[in-house]
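Some notes on the structure that comes next.
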Amino acid sequence: MKNLKMSIAVMLLLAVSVANAQEKHKMDHSKMNMGTMNMDKMKDVKAEAILTSYSILKDGLVADDSKKTAQAALKLEASIKTFDKSKYTKEQQKELADIFDDATEQVQHIAKSPIDHQREHFKTLSQDITDMVAITGTKSTLYEQFCPMYDGGSTWLSTNKEVSNPYYGSKMLKCGKVQREIK
C-alpha cells in the first residue's frame, strides 16, 4: 500500500511537471509568434517618415501652396538621406539607391521651383515613392490615385480614399479616381 501511494505521488508530480513544461513551451512559442507578428506588422520607420514628408508635399500642391510644397520637399530630402538600406537584400539596396537618387533630384527641383514646375517633378517623385513602397511596404493603407487629365495621365499616393488632386489643386480638386489600394 505504501509503495502504491508512493507510485501515485511520483506519477502525479511527473504529470504536473510535464504539464508545466508543456505550458511553458506553449507560452515561449506564442511569444515567438507574437514577436514575428509584430515584426511583420512593423514596417521600416524611415520609409514611413519618407511617406509622411511626401504626403505633406502632396498636400501643399493640393492647396496650391508653393512655399509649403518647397518646405516639404526639403524635409523629404532629409528623410531620404537618413534612410538605412542595410536591412534589405543587395538587389533591393541597389533598387532603393536608384529610386532615392531620382527622388532626391525631383525634390531638389520642387524645393526651388514655381508651382507648375513643382507639379511636373511631383509626377516622377510619385512613381519613385510608389516604387519604394513596393520594396519597403507600409504600415498605412495607401490609395494610388489617378488623374487622366494631367500630362497624359498621372498617379500619386494618398492616405485618404477621397481624391484631392495635387496636379490641378483648386482648379480641378476632385479630378481623378482611386486606381488601387496598397496595404
Subset of segment 128-183 (residues that are assigned to a loop (DSSP other than H, G, I, E, B) and farther than 22 Å from ASP116 by Cα):
GLY137, THR138, LYS139, SER140, THR141, THR159, ASN160, LYS161, GLU162, LYS183
Given ALA19, ALA103, which one is of a type in the set (A, V, I, L, M, F, W, C) and modelled with pLDDT of 95 or more?
ALA103
List the pairs whose first member sits in segment 44-66 and is under 13 Å from SER140 (Cα atoms), whose second member is of a type in the set (Gly, Ala, Ser) and in a helix (DSSP H, G or I), and whose Cβ atoms are under 7 Å apart, counting only residues at least 6 apart or on separate chains?
ALA49/SER79; ILE50/SER79
Unmet criterion (only one of (1) in contact with a helix residue (DSSP H, G or I) (Cβ under 7 Å, 6 or more places away or on another chain); (2) crowded, with 16+ Cβ neighbours inside 10 Å) for GLU48:
(1)
State all residues of segment 118-137 that are surrounded by 18 or more Cβ atoms within 10 Å (Cβ to Cβ), farther than 17 Å from ASP59 by Cβ and in contact (Cβ under 8 Å) with a residue 60 or more places away in the chain; if no residue qualifies, say none.
MET132, VAL133, THR136
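The values are calculated or read from the model by the stated rules, or taken from the named source; none is laboratory data. None of these values were measured; they are calculated from a predicted model. Here the Cβ is made from the backbone with ideal geometry for all residues, glycine too, and neighbour counts use every protein chain on show.
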